[in-house]
Each structure stands twice: as C-alpha cells, then as structure tokens.
Amino acid sequence: LRRAVPDLDALLTTADDVEPQLTALLREARPALAAARPVLADLRPAITASGPADDLTDLLRALPRLAGVGRPALRATSRALDEGREVVRFARPYAPDLVGLLRDLGQSTAAYDANGHYARVQPVFNAFRPDATGALAPRSGSRLAGFETLQVRRCPGGASAPRADSSAPWRDTDGTLDCDPSTSPGTP
C-alpha cells in the first residue's frame, strides 16, 4: 500500500480540481433532469424522434449553460478516473480485508466485565526508530523477538495460512499483483 500512496495522492489532488466543476454541473442539471423525466421514460423515441422540442438532442441544445459547465467537469472527471485506474486496480483485491476491518473493528471492544467494556490490546512502545534516511527501522535487541517486521508486501488473504484451494494468498487473476506470497504464515 505504501507504493500506492503517491498515486492515491495524485488521484485525490485531481479529484479536488474536479469537485467544484462537478458540483456546479449537478446543481445546473437538477432542474433539467426533473424536466427531462418524461423524455427519458422511453429513451429510443426521445433520441430518434424528429421535429422541434421532442427529442433529447433538442433538450440538450436548450441547455447551453449545462453544456458549458458539463464539458469541463466531465473532461476533468474522465482524467481523474484514468489517473486513478492503477490505484483502484491495486486496492481492489484488498477490498474484502478492508471491509472486514471496518465491519469487525467494534468487536475488539465488545468484551465487558463488571467495570464495563474493555479492549484486548498489546501496545508495543519504541519498537521502531528513524534510520539515517529518516525512514522507520526496527530497533535491534530482544524487544521484537517473536514479531514479524517489514512485512509490507503481503498479498490479499495473506494474513492467514494458505488455503488448500490456492485462493489465498491471492495474486490477482493474471498473477501479477505486486505482493510477496512467501510472507503468509505457515499452515497450522
């Protein structure tokens, strides 16, 4: 995920540029879409019908402000989606893990006793220190005995033992996802 952060930052920067234009487009489009509801009920006649003011093309010609706002907004949105394609492609396999994290996060504090709810946590203080380049590196010594460190390329589904059907750890459909399946724990 660390490799995706610069790409995600570029995507969010582009999305910031798009948001005001897209907001203006949607604000201008609201009355037009309400008026166009009967036209859109049967799209084929709305596009192909001939005559004045009875097809979708005439409706769009009657909305020059919407076209003026919509073209730049849609162009910028298209560019943002194109630039974000690699980020989404990388993050897509991790979606079940992220959803599971959000879904089960509350379970860590679900236990309770006479004093109320409590969380089972194990804080590890001073496990890392900045190295010469400023990056965090594990401290030497016995503090990290038993901990795995620098596992930054784990595959989706790689936090548990490999499955018999080879569905995890997952390397994408073409096997090219940039992850290391050897970082998965061994079979129990």
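Read-outs: derived from the displayed coordinates by stated rules, not from any lab. All figures in this text were calculated on a predicted structure; none of them were measured in a lab. Here the Cβ is made from the backbone with ideal geometry for all residues, glycine too, and neighbour counts use every protein chain on show.
At-a-glance table
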{"item": "Separation of the residue 58 and residue 173 label points, Cα + 7 Å toward Cβ, nm", "result": "4.4 nm"}
{"item": "5 angstrom amide H check on residue 128, placed H, neighbours 5+ away", "result": "139"}
{"item": "Chain lengthening between residue 103 and residue 86 when straightened (0.36 nm per residue, less Cα-Cα)", "result": "3.5 nm"}
{"item": "Potential extension, residue 10-residue 164 segment - 0.36 nm per residue separation minus Cα distance", "result": "51.5 nm"}
{"item": "Förster-model FRET efficiency, 45 Å R0, residue 19 and residue 114, C-beta, rounded to 0.05", "result": "0.35"}
{"item": "For residue 85, net neighbour charge (Lys/Arg +1, Asp/Glu -1) across residues whose Cβ lies under 14 Å away", "result": "-1"}
{"item": "Simple spin-label estimate for residue 78 and residue 133 in nanometres, 7 Å along Cα-Cβ", "result": "3.9 nm"}
